[in-house]
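See below for the structure under consideration.
The numbers here are math on the coordinates, done by the rules we state, and not lab data. Just so we're clear, the structure is a prediction, and the values are computed from it rather than from any experiment. Ideal geometry is used to build each Cβ from the backbone, glycine not excepted, and the neighbour counts take in all protein chains shown.
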């Protein structure tokens, strides 16, 4: 700590000696040196006061700095709260209208889009990666009605909350409703990913549905952030299905393809290969 | 025959380590280090190399805390290249990667290592390399290979070829203390004395090119800042003002030096242009301003000041002189260093009476305490920002210790004698 323990000592020593100096003014007015003494004692007093003022000023400066910091934090918090409130109010008014119009027609259109898109952009990737030719979205027809609050992001959050609380069956229902309602939504790839995970987590497992969900995600969104994780999971699902060769191929592909990105799916793939092959 | 060579090498190595002032002791590692096997390198018949290259690589990777090297006794074979590797054997030992290689001497001057890094799970060679050095630098050769392997597997540039400056104080008879400014490889080997004095030596620091250093020496009975060229050994006295001359730090482009002078009363921050020697006063306050460090863009400095009653870190713009306080958590923050990306500070932070090394994220203003000992001081960050060195107390002695920037890996570099302090991690060296 080069910050100067010696320096601090020195400074405090200086203050101390000033105080001692200032405490001395017992003066005999009859002595001839009384004038000089009182002069010196006054100097000492001024010096001491100067020291005190400095100290006081530094303390005050510190308080001002800290309060300034707190005020700017409060300002930012206030702004954040306002933006959040504004966003929520906005989604409340537009969401109510959107829910009425939404539904059937848009879903059908989007489903077509999804199919054709995958045909153009995703086919090669799927063939190379998964060796499968499934490019149509897995059937989501038999979806029971799930209450929606008409907001894409809060629908997703609600469904995800079910995952976190362990209600896997309900979570599947919610995510299926989500991908039907928002076929090209912001979180649709994530929803497919969770479907893939959930079909393995529920009892009884539905490995076919899980495989379909992961394969659809990989074919439709080959550049999405969830792809390495989905490949890894799909590899493990293949393994559960008894398709060891496909599993090994896919996991090796994850390591080759994403090995340099530091993605956690790489280490998991490696770990899985080590344990099971 | 091979075994004999290894035994002889082990002896040589042990001898070397006994000579080195610092020995390494890992006291906390990452929870799940990557298992890796560094197979002893093959030799060209007739070549005798003074160091066990594979063993140095092994220690480098081990010290990073991110790897768990397989012990040699457990190896089922000693392949020298990828074609001799039986992946099944290594898989059964639970290693993820295998490094194989061989050494050859081409002519009297060049020692060459050919090496391959293999991924056991995918059964592929993922890195092939050839490195050459002069025959007297086998350790450097090993550190070079370590750097390449580390970078391939972590995506972070390796810093095993860097060096370390530090100050040791050895008490001698008759109430005298001998101060030495020392330089060693980052693993403690190849230690050399750069300067030796009866008076204190403080605050060693590296120029960004790694060829010049600066420090404070009291040899003229009062503090003065010196620079010293590491190649020529030429020393130059830079300042000798009345009062304090302390905390020299080179600017990121190496043309200027920030320092603390108290020639006009209280300690303030100054910047000296090294070519002309002209001085610019950067701060002017009756409080103590000290311990400057440059932001990576070279346009502002951070420093410690008690102008707010307690030591805290401030930032000053060199152009405008505008000062901003940067630390608000804790009642004591000092001796800050900036991470190479400029996004964080490493500093000495007081928490419930103990001094710890902490890292402050400048974006989120979060402080994370990295060390658990007390009286930790003088943090110095590796050029790849993976680890930092600091000084602490252990067994009543001043020792150096290292901790990873996430706090997950810790090791000590205890000195064999005397107190050591004020570590300075070099920049990347050519």
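General remarks:
- Alpha-carbon centroid distance for the pair the range B:350-364 / the range B:42-69, whole angstrom: 37
- Cα shape, the range B:163-425, gyration tensor, a/c 1.5 rule: rounded
- Legend: mean number of C-beta atoms from other chains within 10 angstrom of residue C-beta atoms, peptide A:54-61, equals 4.
- Gyration tensor (alpha-carbon) shape descriptor, the range B:68-195, a/c threshold 1.5: prolate
- Centre separation in Å (Cα based) which lies between the range A:171-196 and the range A:78-95: 24
- In degrees, nearest ten, helix B:53-63 long axis to first principal axis of chain B (Cα): 50
- Taking B:396, B:344, B:298 in turn, the Gaussian network model of chain B (Cα-Cα springs below 10 Å) assigns the largest fluctuation to B:396.
- Using a Gaussian network model of chain B in which every pair of alpha carbons under 10 angstrom is joined by a spring, one finds that among B:46, B:321, B:233 the greatest mean-square fluctuation is at B:46.
- Cα-based shape type of the range B:208-294, given that a ≥ b ≥ c are square roots of the gyration tensor eigenvalues and the cut on a/c is 1.5: oblate
- Beta-bridge orientation, chain B: approximately 95 percent antiparallel, per DSSP, counting only bridges with both partners inside.
- Adding -39500 (n - 2.57) for every DSSP H run of four residues or longer, then dividing by how many residues chain B holds, sets the calculated 222 nm ellipticity at -4000 deg cm²/dmol.
- 0 to 90° range, to nearest 10: angle between helix B:138-154 axis and chain B longest Cα axis: 90
- Counting Cβ atoms of other protein chains within 10 Å of each residue's Cβ and taking the mean over peptide A:269-276 gives 3.
- Cα centroids of the range B:150-198 and the range B:365-400: 15 Å apart.
- Most to least packed among A:68-81, B:284-297, A:224-237 [average Cβ atoms within 10 Å]: A:224-237, B:284-297, A:68-81
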